[in-house]
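Working notes for the structure below.
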Amino acid sequence: MKVEDLIEEGVREILRSRKAKFYEDLSEVRLRMGLNENFLVDKFFSHTILMEAAQGIDVRKYPVTKGGRALEAISEELGIWEDELIVGNGSDEILDLVAKVFVGRGEALIVDPTFEMYKFYVGLSGGSVRSVLTDEDFEMYGDSVLSAVSEKTKAIFICSPNNPTGRQYQKDEVLKVVEGFEGIVVLDEAYVDFAPYALTMEAPKYANLLVLRTFSKAYGLAGLRIGYGVGNSDLIKWLRSAQSPFSVNSVAQEACKLVLKNRRVYEAFIKMVVEEREYLMAELEMINGVKAYPSCANFILVRVIDPTVPSSEVCESLRREGIEVRDRGELPLLKNCFRVTVGKREDNLKFVDALKRVLGGE
Ligand SMILES: Cc1ncc(COP(=O)(O)O)c(C=O)c1O
């Protein structure tokens, strides 16, 4: 008996195709610019938040169920009712719940090129994914998404600002999809704190819109695992009933409260990211061998112009210099592209220097 024969075929394929190596190898890396973490949030400030959060709890006890402490704080901060909110172990957990509860063995549409985890969770739940491509400028049009809907389509995943293109879609185009579709629309706003506008507050007005947010990016709490979803109370009720009770740990819940209490401080960190992004963009625009795409997130998509120099090789060469960026060249429309996370000024400069060396063959 082979254990792998015990795994359902569809699930086995998904697990096989997973490139887990990227996450495992990061210990060697000096500059992490591949996972859209946020090192512009001050390390010592984060540490103070963490220590204070830890002091407020008794780890012998299970956490308050369903992220209840964080739920109260988010509800108060956003002015959204608690029953219109779900808190998860990262927004990843909520994506997983959506796949299980609303897609199941049905079909989901994704607007490609996009975040790969939608495919992963839907596939693991036994569902299938079909992609609708953006145009060449990575713009999404509501009509073309709606025209791809079939009888089997249970959910549509839209990421805006989109990972990895950095493009924030027009409000009207997103709402056109929400209004024209009978199933669930997941609008993943993981990076929206760095963008001009958010649709989060619109979510409870619609029966079928779930907006996802995270504390991993703008608030630099990726290691704590906390995110949330906003939607109509009926939609949220079903998701919450599928959630395991203790998935959001006590420290994360307390830290979330503290972070929101210190929101002004984080707004300054967010401003720094946006300024640094524009600085990095300007630097990249001065390099002949690449095209950088304008971004509304904390990363920039970069295309290597010379088709004989694959982005995978550029990423590998940067890695040898101790800099991790994320090759995205295999995603639809992204031939020869990689994604770089905006870092601190000195790190951005190290990256730019290394990239020039790698492209110049020095
Ligand atoms: C678009 C998008 N959504 C969701 C997530 C997951 O975020 P979290 O850390 O809250 O699970 C990420 C993480 O990279 C992301 O890029």
> Quick check: is even one residue across the stretch 25-45 over 28 Å from A268 (Cβ atoms) and open to solvent by 70 Å² or more (accessible area, probe 1.4 Å)?
Replying inline: yes
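Among the candidates V145, V149, which residue alone is open to solvent by 30 Å² or more (accessible area, probe 1.4 Å), touching a residue at least 12 places away in the same chain (Cβ under 8 Å), outside any strand (DSSP E or B) and β-branched (V, I, T)?
Working: V145 fails: open to solvent by 30 Å² or more (accessible area, probe 1.4 Å).
Result of the check over V145, V149: V149.
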>> Restricting to the stretch 205-238, count the residues that are more than 20 Å from V101 (Cα to Cα) and of a type in the set (S, T, N, Q).
In response: 2
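Conditions (1) of a type outside the set (D, E); (2) modelled with pLDDT under 95; (3) within 15 Å of the ligand (Cβ to nearest atom); (4) in contact with a Phe, Trp or Tyr (Cβ under 9 Å, 6 or more places away or on another chain), marked per residue:
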| position | (1), (2), (3), (4) |
| --- | --- |
| E202 | no, no, no, no |
| A207 | yes, no, no, no |
| F215 | yes, no, yes, yes |
| A222 | yes, no, yes, yes |
| Y228 | yes, no, yes, yes |
| N232 | yes, no, no, yes |
> Is there a residue being part of a loop (DSSP other than H, G, I, E, B) and open to solvent by 70 Å² or more (accessible area, probe 1.4 Å) anywhere in the stretch 106-118?
Replying inline: yes
> Restricting the search to the stretch 214-227, which residues are under 10 Å from the mean Cα position of the chain (by Cα) and under 13 Å from E93 (Cβ atoms)?
Replying inline: T214, S216
> Right, Y219: part of a strand (DSSP E or B) and open to solvent by 10 Å² or more (accessible area, probe 1.4 Å) or not?
Replying inline: no
>> Quick check on S247: is it under 30 Å from D58 (Cβ atoms) and among the small types (G, A, S)?
In response: yes
> Any idea which of S160, S150 is farther than 23 Å from L331 by Cα and either of a type in the set (S, T, N, Q) or outside the structural domain of K100 (by TED's automatic domain parsing) (or both)?
Replying inline: S150
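Quick one: which residue in V274, V248, V230, V259 is part of a loop (DSSP other than H, G, I, E, B) and either open to solvent by less than 20 Å² (accessible area, probe 1.4 Å) or not assigned by TED's automatic domain parsing to the domain that holds A195 (or both)? Let's see the steps before the verdict.
Working: V274 fails: part of a loop (DSSP other than H, G, I, E, B); V230 fails: part of a loop (DSSP other than H, G, I, E, B); V259 fails: part of a loop (DSSP other than H, G, I, E, B).
Being part of a loop (DSSP other than H, G, I, E, B) and either open to solvent by less than 20 Å² (accessible area, probe 1.4 Å) or not assigned by TED's automatic domain parsing to the domain that holds A195 (or both) holds for just one of V274, V248, V230, V259, which is V248.
The values are calculated or read from the model by the stated rules, or taken from the named source; none is laboratory data. Note that this is a predicted model, so its numbers are computed, not measured. A quick note on method: Cβ atoms are made from the backbone with ideal geometry, for glycine too, and the neighbour counts reach across all protein chains shown. Only protein heavy atoms, including side chains, enter the accessible area calculation; ligands, DNA and RNA are left aside. Shrake-Rupley method; radii C 1.70, N 1.55, O 1.52, S 1.80 Å.
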